[in-house]
Amino acid sequence: MKTWKALAAAAALSLTLAGCGGGAGASDNKLTVWLMDGSAPDVLIEELNKEFEQSHPGMKVDYQIQQWNGIQDRLTTALTSNDPPDVIELGNSQTAQFSSEGTLLDLTADAGGMGKSQWVPALAESGAWEGKQYGVPFYAANRVVVYNKELFQQAGITQLPTNREELLAAITKLEQTHGADPDFQSLYLPGQSWYALLSFIWDSGGDIATGQGAEYKGALDTPQTREGVEYYQQLFKTSATSAPADTDEAEPQQAEVYAKGKVAMMIALPWEVQTAAKTNPKITELSGAFPIPSKFPGKTAPVFLGGSNLAIPGGSADANAAKDWLKLLTSQKYQTKLADSGVVPGASQDTSALAKNPVSAAMAIASKDGKVPPPVPQWAAIESGQNPLKDMMTAVLTGQKTVVDATLEANDKITRLLAANN
């Protein structure tokens, strides 16, 4: 999933334009909707658009699918034009950037009619800026531990790990059973899989940054954060993973490694199983999942909640109709259909539709404790640039730096980057 991949900064639009509740231009009886490739099933959007057009006689929906590659530049151009789209999708780490620049319509007064009481809290937070709501939660996804049921069974593991120690014990048992196979990996764990690392940092009581409003600074320089980093280091060493220490889960694609059937576990998004099945169709029935274990009994570790928000450009010519479209999408009918497609619906607490698939079911359980990066414009550049968290992880796992030195260095870098343009 690419929804939460933040990109570079955008250009500003005047606050006067953002305050025009009805949009800057004259309605042309066409509602232009930009959604990202793969965000929602075509059949769902087709049904929604048909229902919208029936309730808005004479108005047609111009539905356009956008690609993530280059979207920041296209949005920047569109939002500063005289004819922007009427509804746009934004990654949850992009939303603060555009909100702070006055390019989005303030939806605070409309949020109640868009199901605010049922919104996923972390996505709601990512769509807010300086006490106002600019983004409406669309959908989310989070990582779980995907496992090969056959390899677990052969190792005699009958109970899934529910805490950190049990996860380490399962790795040991798997290594004892399958370790003689040079291609076997008990846990495939890329060194720079920082989304997974965040679960252990948050679970230990640490954080990557803390603050309020636009004033955030690094928070890696704490015993709690270091404990999370040390546990990740322990997993990396104990599993003897062959995953590179200097790349993330995309290089190589960990789903392709898992597809070979010699990996017992990976920390992954649910649809990575579907990706693996393209190479090895049998992997679907062999795969199960469980939430990332917590250090605390009876809990699951907090998870990075990647996903998207929906927003209305400040210059929309049909802002009122755009609000109606959002109200329809955030209705229980279409939120249930989103869950049926395999994602966590952004505007509904009902995730029961995800229970039909064991991997999606684990995601739904873990999503209840979802978190997002700091909701500030500067975070986009941190995530998409030379991410200090990735450098920190590689330095620790390769022995170039101690955990203390690596977290100190990364903390200083994050603090400086968050202070930029404040």
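Quick one: is Thr336 open to solvent by 30 Å² or more (accessible area, probe 1.4 Å), free of Cβ contacts under 8 Å to residues at least 40 places away in the same chain and among the β-branched types (Val, Ile, Thr)?
Taking the combined requirement at face value, the residue satisfies it.
Out of everything in the stretch 396-422 that is in a helix (DSSP H, G or I) and free of Cβ contacts under 8 Å to residues at least 12 places away in the same chain, what residue ends up being nearest to Pro377 (Cα to Cα)? Walk me through it before giving the result.
Going residue by residue through the stretch 396-422, those that are in a helix (DSSP H, G or I) are 396-397, 403-419.
Filter once more, keeping what is free of Cβ contacts under 8 Å to residues at least 12 places away in the same chain: 405, 416.
Values: Asp405: 27, Arg416: 14 Å.
Checking each candidate, the answer is Arg416.
I need the full set of residues from the stretch 72-87 which are open to solvent by 50 Å² or more (accessible area, probe 1.4 Å), in a loop (DSSP other than H, G, I, E, B) and among the polar types (S, T, N, Q), in order please. Spell out the reasoning first.
Filtering the stretch 72-87 for residues open to solvent by 50 Å² or more (accessible area, probe 1.4 Å) gives 73-74, 77, 80, 82-83.
Pick out the ones that are also in a loop (DSSP other than H, G, I, E, B) and you get 80, 82-83.
Selection gives Thr80, Asn82.
Quick check, is Gly156 over 30 Å from Ala311 (Cα atoms), of a type outside the set (A, V, I, L, M) and modelled with pLDDT of 95 or more? Break it down into steps so the answer makes sense when it comes.
On the way: over 30 Å from Ala311 (Cα atoms): yes; of a type outside the set (A, V, I, L, M): yes; modelled with pLDDT of 95 or more: yes.
When the stated conditions are applied, Gly156 passes them.
Is it the case that some residue within the stretch 194-213 is part of a loop (DSSP other than H, G, I, E, B), within 19 Å of Val257 (Cβ to Cβ) and of a type in the set (Gly, Ala, Ser)? Give the derivation first.
Filtering the stretch 194-213 for residues part of a loop (DSSP other than H, G, I, E, B) gives 204-208, 213.
Restricting the remaining residues to those that are within 19 Å of Val257 (Cβ to Cβ) gives none.
No, that holds for no residue.
Filter the stretch 387-401 down to the residues that are open to solvent by 20 Å² or more (accessible area, probe 1.4 Å) and within 19 Å of the chain's Cα centre (by Cα) and list them by number.
Residue satisfying the conditions is Lys390 alone.
To keep it simple, each residue is scored yes or no on (1) in contact (Cβ under 8 Å) with a residue 24 or more places away in the chain; (2) surrounded by fewer than 22 Cβ atoms within 10 Å (Cβ to Cβ).
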position	(1), (2)
Ala255	no, no
Val263	yes, no
Pro281	no, yes
Ser287	yes, no
Asn309	yes, no
Ala317	yes, no
Asp324	yes, yes
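Would you pick out the residues in the stretch 339-353 that are open to solvent by 10 Å² or more (accessible area, probe 1.4 Å) and touching a Phe, Trp or Tyr at 6+ places or on another chain (Cβ under 9 Å)? Spell out the reasoning first.
Applying the first criterion (open to solvent by 10 Å² or more (accessible area, probe 1.4 Å)) to the stretch 339-353 yields 340-343, 349-353.
Selection gives Ser341, Gly342, Val343, Gln349.
When you go through (1) at pLDDT 90 or above; (2) over 29 Å from Asp340 (Cα atoms); (3) out of contact with any helix residue (DSSP H, G or I) (no Cβ under 8 Å at 6 or more places or on another chain); (4) surrounded by fewer than 20 Cβ atoms within 10 Å (Cβ to Cβ) one by one for Ala12, which number turns out not to apply?
(1)
Return the total of residues in the stretch 205-239 being at pLDDT 95 or above, among the aliphatic types (A, V, I, L, M) and open to solvent by 20 Å² or more (accessible area, probe 1.4 Å).
0
Specify the residue that is modelled with the lowest pLDDT; the eligible residues are those in the stretch 47-71 that are open to solvent by less than 40 Å² (accessible area, probe 1.4 Å) and among the β-branched types (Val, Ile, Thr).
Top of the filtered list is Ile71.
Conditions: (1) polar (S, T, N, Q); (2) without any contact (Cβ under 8 Å) to a residue 24 or more places away in the chain; (3) not in a helix (DSSP H, G or I). Thr241 meets all but one. Number of the miss?
(2)
Just wondering, is there one or more residues in the stretch 26-46 that are modelled with pLDDT of 65 or more, in a helix (DSSP H, G or I), out of contact with any Ser or Thr (no Cβ under 8 Å at 6 or more places or on another chain) and charged (D, E, K, R)?
Narrowing the stretch 26-46 to residues modelled with pLDDT of 65 or more: 28-46.
Subset that is in a helix (DSSP H, G or I): 42-46.
Then keep just the ones that are out of contact with any Ser or Thr (no Cβ under 8 Å at 6 or more places or on another chain); that gives 42-43, 45-46.
Checking which are charged (D, E, K, R) leaves us with 42, 46.
Within the stretch 26-46, one or more residues are modelled with pLDDT of 65 or more, in a helix (DSSP H, G or I), out of contact with any Ser or Thr (no Cβ under 8 Å at 6 or more places or on another chain) and charged (D, E, K, R).
Between a residue in the stretch 359-370 that is at negative phi and open to solvent by 20 Å² or more (accessible area, probe 1.4 Å) and any residue that is among the acidic types (Asp, Glu) and at pLDDT 95 or above, which pairs come within a Cβ distance under 6 Å, given they are 6 or more apart or on different chains?
Going by the 6 Å Cβ cut-off, there are no qualifying pairs.
Against the condition among the charged types (D, E, K, R), at pLDDT 95 or above, touching a strand residue (DSSP E or B) at 6+ places or on another chain (Cβ under 8 Å) and under 25 Å from Gly370 (Cβ atoms), how does Lys262 come out, does it pass? Give the derivation first.
On the way: among the charged types (D, E, K, R): yes; at pLDDT 95 or above: yes; touching a strand residue (DSSP E or B) at 6+ places or on another chain (Cβ under 8 Å): yes; under 25 Å from Gly370 (Cβ atoms): no.
Taking the combined requirement at face value, the residue does not satisfy it.
When you scan the stretch 276-314, how many residues do you find that are at pLDDT below 95 and farther than 30 Å from Glu230 by Cβ?
1
Please go through the stretch 64-100 and give me each residue that is of a type in the set (Asp, Glu) and under 24 Å from Leu305 (Cα atoms), ordered by number. Break it down stepwise before answering.
Here is the first cut: in the stretch 64-100, the residues of a type in the set (Asp, Glu) are 73, 83, 86, 89.
Within the stretch 64-100, just Glu89 meets the criteria.
The values are calculated or read from the model by the stated rules, or taken from the named source; none is laboratory data. Note that the coordinates shown come from a computational prediction; the quantities given were computed from them, not determined experimentally. Because the Cβ atoms are built from the backbone with ideal geometry, glycine has one as well, and the counts that use them run over all protein chains shown. Keep in mind that these areas ignore ligands, DNA and RNA; they rest on the heavy atoms of the full protein, side chains included. Shrake-Rupley method; radii C 1.70, N 1.55, O 1.52, S 1.80 Å.
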